[in-house]
Amino acid sequence: MKISTILNMVTLSALVGFLFTACKDASKQPPTKVSSGDPTIDRLSALIEENPNNDSLYYYRGRQYWELDAYDQAISDATKAISIDSMKPAYYLLLADAHLEYARPNDSKRALNVMEKACLMFPEDLETHIQTSEMYLIVRQHNEALKKLDHVLKRDPINAEAYFMTGRVALDMGDTVRTIKSLQKSVQLDAENKDAWVFLGRIYSNKQNDLAVQFFDNALRLDSTDVTVQEFKAAHYKRKGDFKKAFELYRKIIVEHPDYSNAFFDMGLIYLEQDSLDKAHAHFETAIRTDPLFVIAYYYRGVASEAKGDMKAAIADYQQANKMSPNLKESREALIRLNLEPVK
């Protein structure tokens, strides 16, 4: 998961275009570097040739490399930007992000060392401390994450983002009470935090508490097109046994997103529970057609086939699911039950 707030690339592209045009007019020298294949990087590289001490150009190019998962280049550019101007917190965050996502041995430690240095250099930059807490959450160092958030809340007791992150850390620790308290505080301070509403909705849905619907609706009021939230809401109705409302939402999702495989799969599960085997099989079939890598859908299509008495088709699907994901418990157990050898 990327951690930093993504820059508006349209704005960045316009800025780069403007600077590139200005530099091009100032020099008629042909480009000396081979094209990278990415026009934004090529434009930034041309600008860097003209302005080799401009830290922001290295930063923007580093971010573009980071977006393209070119982590070596992103690390190099972020390091260069810091060497030119060490007083920009964003440069440290880019460097840490690149290390963390590169995920080589000790890269998470390198990322955290970078962010700890940034926290020492910028103690009043609360966003730096919040971002550092998120990195600690990613590597599951919960106490360190909470220390950073405590630092923020001591300086800004109404920081909604810090309460949100505290809730996320508490959730990962299994402390549901603290999670709910922190997330509720976050939305009280910032009712526009869609992610906080979604987390609350999922927690209450797991409790089979219909307050979940209200929380999902709050998230959807902020973004009615978020298909994932629509699916969470439908899944809540499915969990509660209100299949009529669940079907209404899944059909709405399918109308808006005809290739959304999860909706077909979830409807197939409902039909399977209702012993509507032909409909269940058809929906698992569509889930697989729209997502050929949907491993669990192969297994459940096999379940539907076996319930219909088509053992040949069932075995083929169990074997396919097992081949695609040998660690999938369901398909392994199905094959063993049928005296067949699963993939090891």
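Remarks
- Restricting attention to the range 276-314 and to residues that are acidic (Asp, Glu) and surrounded by fewer than 18 Cβ atoms within 10 Å (Cβ to Cβ), the residue that is farthest from residue 326 (Cα to Cα) turns out to be 278.
- Residues within the range 236-253 that are modelled with pLDDT of 95 or more and in contact with a Ser or Thr (Cβ under 9 Å, 6 or more places away or on another chain), tallied: 1
- Subset of the range 64-83 (residues that are over 19 Å from residue 37 (Cα atoms) and of a type in the set (Asp, Glu)): none
- Residues of the range 155-184 that are in contact (Cβ under 8 Å) with a residue 24 or more places away in the chain and farther than 15 Å from residue 130 by Cα: 171, 172, 173, 176, 179.
- The residue that is nearest to residue 76 (Cα to Cα), among those in the range 86-144 that are surrounded by fewer than 16 Cβ atoms within 10 Å (Cβ to Cβ) and hydrophobic (A, V, I, L, M, F, W, C), is 103.
- Residue match in the range 307-314 (condition: under 27 Å from residue 245 (Cα atoms), in contact with a helix residue (DSSP H, G or I) (Cβ under 9 Å, 6 or more places away or on another chain) and not in a loop (DSSP other than H, G, I, E, B)): yes
- The helices (runs of 4 or more DSSP H) found wholly in the range 1-101 and carrying at least 1 residues that are modelled with pLDDT of 95 or more occupy 39-50, 55-67, 71-84.
- Meets criteria (farther than 18 Å from residue 268 by Cβ and over 34 Å from the mean Cα position of the chain (by Cα)) for residue 341: yes
- Residues within the range 132-147 that are under 20 Å from residue 98 (Cβ atoms) and either of a type outside the set (A, V, I, L, M) or in contact with an Asp or Glu (Cβ under 7 Å, 6 or more places away or on another chain) (or both), tallied: 6
The values are calculated or read from the model by the stated rules, or taken from the named source; none is laboratory data. Since the model is a prediction, treat every value here as computed from it, not as a measurement. Because the Cβ atoms are built from the backbone with ideal geometry, glycine has one as well, and the counts that use them run over all protein chains shown.
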